[in-house]
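Novice: The structure is given below, and queries will be raised subsequently.
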Amino acid sequence: MFPRGNDPEVPENQWPRTEANPIGALREVNGDRTEHNVRPSVPELSRLMYGIGAVIHLNSVVPTWPLPTRDSHGEDETRALLADVIALAGPPDTSFDSNRQIVGERLDEVVDMFATRFTGWRAWYDVARELNRMGVLSGEVASVPLCLPSVVTVDGIESVVIDAELSSNKVSLNALKAVVDPRNWQRDCPSFFCEMDYKGLRTDGWRRVLEYVGFCDVDPHISPRLRTMLKFYKTTVNGPGRYEARLDYDLNDPVPDKAGDGKITVDRGFINMWTGPTGDPTRPPVYVRTRKVAHIEGLRPYTMKRFVCAMGYGFVVAEMLFGSALDYKGGGTGYTPWEDPSSEVPEQPGQQQGQGTPQKKPPSDNSVASTAISMVADCVQELSVKQFDLADKWLAGQLTVADLTQFSAEVGARIASDPWKFLQAISQPKGDGK
């Protein structure tokens, strides 16, 4: 799969050496189709088309293999193989023969587009959209996000970071919120999230869930599950003309949690979701940005980079979130809603859920704790709305130094003044004077 193996942890003199053979690769892919009736997955087709385009572009600069051209005898082998393979990525609601005919008629345009317009990875999205418009590439294949992982050090542990930016014109923010809680991941993606066992509310407002992941369709004796205790926190920010929901997750602390198997030593990230230009959370579109930071013991991070891309991480996230939101019918489906009940009691340190002495009631509305939480929430929401304004200005190329200076001054003023506001608030009589 990765013939040159240029892993920095492997000495260069041990890299396996192979010669580039695009024709042989095309024969192999086409042979799987004709002999074994195997069709690549959507992520695989996206990477395949990206690779074909890259080879065609490079070959147009430094010719090393014959580009597909018509000769006096009709189609040469290169042209026929290329058309057969590209047709695999065509619309799924039409037959392969129909897709093959479309590709054959427009193959010269496709080759020319790759040769002249596919000048780097940033150009891929424009090229993919144009191929989709031409009927050559299916919408699913064209929408697969590029996988651009990196390796960072977290608490002294080399970990893989995978980012994905997604959007949907069929799903609303509210529909997405209805399925995104980690307790629903087993329903959202049952082939990977084998079980999500909820373990209750922590005293700091985060919630715990014991995650079992792996190849769920395979016998666990053959393919063991990874067992990890996670904590997660949900936030909703409602600003003028924009609604946002955020899900943050991390390993449950203290680390390692005894309930987990200790094989995943870094597992943190977020799923941020926000409304489109209409600002209506009940209507599409919805925009999503995700980040996953992970380290699995026994697997080198550079190897993990290859595997997460090979597994089509971005596409899986899109299918997991948008696909579940589209299937969600509301009511009676067993999904855990975004809004949590206010009556849930946090688990006390050292006490197992449902056992031991009765737990303390949450602080009343007149307590110092509730006053502090309310003021902090107000402060965070106000500053978040201002951050949205700055982000919009930055995306529009209108952000100035004066904007940043003013925002910094406002943050500093809140930090300086809020403690005094808090003292004043808790000194005021409430209810029965307590």
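Novice: Residue by residue through the range 117-131, what is 3J(HN,Hα) from phi via Karplus (6.51 cos²θ - 1.76 cosθ + 1.60, θ = phi - 60°)? Round to whole Hz and write x for glycine and proline.
Specialist: 10, 8, 8, x, 5, 5, 7, 4, 5, 5, 5, 5, 5, 5, 5
Novice: Next question, about the same structure. Tell me the Kirkwood hydrodynamic radius of the range 219-271 in angstroms, computed as one over the mean inverse distance between distinct C-alpha pairs.
Specialist: 13.2
Novice: Would you please name the trypsin sites (Lys or Arg not before Pro) within the range 164-244 that are DSSP coil residues with at most 12 other C-beta atoms within 10 Å of their C-beta?
Specialist: Lys170
Novice: How much area per residue is accessible in the range 189-347 when the probe is 1.4 Å and only protein heavy atoms are counted (Å²)?
Specialist: Counting only protein heavy atoms, the per-residue value for the range 189-347 is 49 Å².
Novice: Extension gain Arg33-Arg133, at 0.36 nm per residue separation less the Cα-Cα distance, in nm?
Specialist: My answer for the length gained is 33.5 nm.
Novice: By its C-alpha gyration tensor, with a ≥ b ≥ c as the square roots of the eigenvalues, how is the range 85-208 shaped: rounded for a/c under 1.5, else prolate for a/b larger than b/c, else oblate?
Specialist: prolate
Novice: Show me the ranking of peptides 292-298, 253-259, 45-51 by mean Cβ neighbours inside 10 Å, starting with the highest.
Specialist: 45-51, 292-298, 253-259
Novice: Would you calculate the separation in nanometres between label points at Trp121 and Val218, each defined as 7 Å from the Cα along the Cα-to-beta-carbon direction?
Specialist: A separation of 2.7 nm, rounded to one decimal place.
Novice: ³J(HN,Hα) across the range 106-115 via Karplus (A = 6.51, B = -1.76, C = 1.60, θ = phi - 60°), whole Hz, x for Gly/Pro?
Specialist: Calculated HN-Hα couplings, in order: 10, 4, 4, 5, 5, 4, 5, 5, 4, 5 Hz.
Novice: Residue-wise, which Karplus ³J(HN,Hα) couplings in Hz belong to the range 144-159, taking 6.51 cos²θ - 1.76 cosθ + 1.60, θ = phi - 60°, and x for glycine or proline?
Specialist: 5, x, 5, 9, 10, x, 9, 10, 10, 9, 10, 6, x, 10, 5, 10
Novice: Still on this model: How much length is gained if the chain between Thr203 and Ser342 is pulled fully straight, taking 0.36 nm per residue apart and subtracting their Cα-Cα distance, in nm to one decimal?
Specialist: Value of the extension gain: 48.7 nm.
The values are calculated or read from the model by the stated rules, or taken from the named source; none is laboratory data. This is a predicted model, so every value here is computed, not measured. Neighbour counts run over all protein chains shown; Cβ positions are idealised from the backbone, glycine included. Calculation scope for accessible area: heavy atoms of the full protein, side chains included, ligands and nucleic acids excluded. Shrake-Rupley method; radii C 1.70, N 1.55, O 1.52, S 1.80 Å.
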